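The values are calculated or read from the model by the stated rules, or taken from the named source; none is laboratory data. Small disclaimer: the values here were computed from a predicted structure and weren't measured. Neighbour counts run over all protein chains shown; Cβ positions are idealised from the backbone, glycine included. Only protein heavy atoms, including side chains, enter the accessible area calculation; ligands, DNA and RNA are left aside. Shrake-Rupley method; radii C 1.70, N 1.55, O 1.52, S 1.80 Å.
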Amino acid sequence: MTTFAHAAGMVLPLPPDRWPPPAGGIRLDGLAFDPKPELHVTLVGSALGRELQATFGASAIARVREARNALDWRFERSGRLVLLRKPLAGCSKGSVAHSIIELVHLPAMAPFHRALGWLLGRQLPVPPAHVTLYTAGDARGIGASSPARLRAFTVRVVAANEITGARARA
């Protein structure tokens, strides 16, 4: 399995021949969304990655890779699209980021985070496996690193035909 470091974290890149990035921008709920140029599932977010590096130093990458390599990282698309909204810290008042994500079925995510939690000596939340398809306000997207954060940032479920219609309006 191929993964690559992303900031202090780790992502599972999705092959464009299996899941191509969106072809163009869309308008939804009065917002202009840009397509993500590459698609991935975040396996280790930057905060957790920094914690692992602070705890294990140079051996952090080897420990994470060992936990990762023990698992099967096949995924299935769910077709469930979600609009997220998050205020941007440190920006002008009223600045917000929006993302449209698709949740995915990724059975390896839970045992992977159990293994990382075991390394750290605590239970970790299992991040909702998802792929960011579109962003507005912050091209990086919104870090939904736990079920609680996903709930906090969720605006609404988006029907697939809304995306199709939004492409036509963009």
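Worth a mention:
- Taking the conditions (1) free of Cβ contacts under 8 Å to residues at least 12 places away in the same chain; (2) over 20 Å from Glu66 (Cβ atoms); (3) not hydroxyl-bearing (Ser, Thr, Tyr) in turn, Gly117 satisfies each one other than (2).
- Region 53-69, subset touching a residue at least 24 places away in the same chain (Cβ under 8 Å) and over 21 Å from the mean Cα position of the chain (by Cα), residue most open to solvent (accessible area, probe 1.4 Å): Arg63
- In region 70-124, the qualifying residues are those that are in a loop (DSSP other than H, G, I, E, B) and of a type in the set (D, E, K, R), and the one that is least open to solvent (accessible area, probe 1.4 Å) is Asp72.
- Any hit, region 141-148, residues being among the hydrophobic types (A, V, I, L, M, F, W, C) and assigned to a loop (DSSP other than H, G, I, E, B): yes
- Qualifying residue in region 122-130 (condition: in contact with a helix residue (DSSP H, G or I) (Cβ under 6 Å, 6 or more places away or on another chain), farther than 16 Å from Leu14 by Cα and touching a residue at least 24 places away in the same chain (Cβ under 8 Å)): yes
- Selected residue (criterion: nearest to the chain's Cα centre (by Cα)) from residues of region 9-52 that are surrounded by fewer than 17 Cβ atoms within 10 Å (Cβ to Cβ) and assigned to a helix (DSSP H, G or I): Ser46
- Long-range neighbours under 6 Å by Cβ, at least six apart or interchain, first residue in contact (Cβ under 8 Å) with a residue 60 or more places away in the chain and closer than 14 Å to Tyr134 by Cβ within region 30-52, second of a type in the set (S, T, N, Q) and not in a loop (DSSP other than H, G, I, E, B): Asp34/Thr135; Lys36/Thr132
- Against the test of being open to solvent by 10 Å² or more (accessible area, probe 1.4 Å) and over 24 Å from Leu28 (Cβ atoms), the options Ala152, Ala129, Ala148 yield a single qualifying residue, Ala148.
- Meets criteria (more than 23 Å from Gly25 (Cβ to Cβ), modelled with pLDDT of 95 or more and of a type in the set (A, V, I, L, M)) for Ala54: no
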